[in-house]
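Undergrad: Dropping the structure in here first, questions after.
The values are calculated or read from the model by the stated rules, or taken from the named source; none is laboratory data. Fair warning: this is a prediction, and the values are worked out from it, not measured in the lab. Please note: Cβ atoms are built from the backbone with ideal geometry, for glycine as well, and neighbour counts cover all protein chains shown.
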Amino acid sequence: MNRKTLDEFIQFIKFCIVGVTNNVIFYVVNIAILFLFNERAFEWDYMIANIAGFLISVLWSFYWNNKFVFKAGESEKRSLLKSLLKTYMAYGFTGVVLNNVLSYVWIEVFGVSKFIAPLINLFLTVPVNFLINKLWAFRTTKNGGEQ
C-alpha cells in the first residue's frame, strides 16, 4: 500500500470515528423526540425527530471533521463559513431528504419500527456523506487561491 492510499484509508477511519459519535448524537436526539411526541400520537413525529437530530449532529460532525479528519495543511486555507454551509447542504441531502425518504419507505411500506429505520439508513448515508465531505465540503485551496 503506497503512502497516499494509506493516508486516505486513515482519513476514512477517522471519518468513521467521527461518524460513530455523530450518529450516536443523531440517534439520541431522534429517540428523545420520538419519546417526547409518543403520548401525543403525532403522525409525522419521526420526520421532526430526523430533522432535529440532523441539525444538532451536523454541527457536531462539522466541528470534528474540520479539526480531526479534513485538516487544512499549512499552505492551504479553507473558509469555515463556506465549509459549514456546504456541510449542511451535503448532509441536507443525505440527512434530511434521503433519510426521510428511506424512513418513509422502511416505516410505511415495509412496517419497520421507527426506532430501527434510522439505523438501517446508515448503510446508505455514511458512504455518500464521506464522498461529499471529502470532495466538496472540506476541499481546501493553496494560499491565495479561490475555493
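Undergrad: Restricting to segment 67-101, and then to whatever is within 22 Å of Ala49 (Cβ to Cβ) and either among the polar types (S, T, N, Q) or more than 15 Å from the chain's Cα centre (by Cα) (or both), can you tell me which residue is surrounded by the fewest Cβ atoms within 10 Å (Cβ to Cβ)?
TA: Filtering segment 67-101 down to residues within 22 Å of Ala49 (Cβ to Cβ) leaves 87-101.
Within this subset, residues satisfying the condition of being either among the polar types (S, T, N, Q) or more than 15 Å from the chain's Cα centre (by Cα) (or both) are 87, 94, 99-101.
Numbers: Thr87: 23, Thr94: 19, Asn99: 27, Asn100: 17, Val101: 11.
Looking at the filtered set, the residue picked out is Val101.
Undergrad: With respect to the numbered conditions (1) in contact with a helix residue (DSSP H, G or I) (Cβ under 6 Å, 6 or more places away or on another chain); (2) of a type outside the set (Lys, Arg); (3) farther than 19 Å from Trp136 by Cα; (4) touching a residue at least 12 places away in the same chain (Cβ under 8 Å), which one is the sole condition not fulfilled by Val69?
TA: (3)
Undergrad: Every residue in segment 43-66 that is crowded, with 20+ Cβ neighbours inside 10 Å and among the hydrophobic types (A, V, I, L, M, F, W, C), please.
TA: Ala49, Phe54, Val58, Phe62
Undergrad: Mind telling me which of the residues Ile116, Ile120 ends up being more than 17 Å from Gly19 (Cβ to Cβ) and modelled with pLDDT of 85 or more?
TA: The unique qualifying residue is Ile116.
Undergrad: Another question, then. In the list Phe26, Phe37, which residue meets the criterion of being in contact (Cβ under 8 Å) with a residue 12 or more places away in the chain and either closer than 15 Å to Asn121 by Cβ or not in a helix (DSSP H, G or I) (or both)?
TA: Phe26
Undergrad: To continue, here is another question. Looking at (1) part of a helix (DSSP H, G or I); (2) over 30 Å from Glu108 (Cβ atoms), which one does Ala49 not meet, given that it meets all the others?
TA: (2)
For every residue, the table says whether it meets (1) more than 18 Å from the chain's Cα centre (by Cα); (2) surrounded by 13 or more Cβ atoms within 10 Å (Cβ to Cβ); (3) free of Cβ contacts under 8 Å to residues at least 24 places away in the same chain; (4) within 21 Å of Val18 (Cβ to Cβ).
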position	(1), (2), (3), (4)
Ile107	yes, yes, no, no
Thr125	no, yes, no, yes
Leu135	no, no, yes, yes
Phe138	no, yes, no, yes
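Undergrad: Sticking with this structure for a sec: Taking the stated definitions as given, is Ile33 aliphatic (A, V, I, L, M) and surrounded by 14 or more Cβ atoms within 10 Å (Cβ to Cβ)?
TA: Yes.
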